[in-house]
Amino acid sequence: MPSDLPVIEPMVLVVYANFAVGAAIGQRLMDSAVVSLATPASALRGLGRDGGHDVLVLCPYVHDGERQALLVQAEQRSRPVAVVEVAHDDETGGVRVAVVSDQRRERAAARVVLAALSPIAA
């Protein structure tokens with residue numbers, strides 16, 4: 001029996017400092033409508049143009065200054081974008097995945113990305 005619920009396929013931009021990590025994150029998101037990979041510098045240039053991405057994913061190796069600049073740009077966009085961060089969890093020694101942007105913007109697209117990335121946090 002087909003479901004009447006809409007299928008959410010977010011457009012995701014993965015920002016990486018280490019290509020192998022960015023590619024691994026992107027691979028887990030292959031069910032999304034669009035998965036783009038970019039360095040922090042390229043992402044900063046592209047975010048300023050209000051691109052069509054629904055979710056921005058930050059890899060754990062993005063430098064803090066670049067991370068802060070990306071968060072500021074994401075907040076200033078006219079079209080909201082949820083920011084999901086993959087980070088090392090110092091308490092458990094594992095990985096944590098969380099929405100780090102304004103919680104009011106945690107939309108269905110961010111939840112889809114969190115669900116796709118949660119196996120790496122398990």
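Tabulated values for the structure
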quantity	calculated
Cα-based Rg / Dmax (Å) for region 61-103	11.8, 37
Calculated P(r) tail over 18 Å for region 11-121, as whole % of Cα pairs	42
Whole-Å semi-axes of region 22-85's equivalent ellipsoid (Cα gyration tensor)	18, 15, 10
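Only the coordinates and a few stated rules stand behind these numbers; no lab work does. From a predicted model like this one, the values you see are computed outputs, not experimental measurements.
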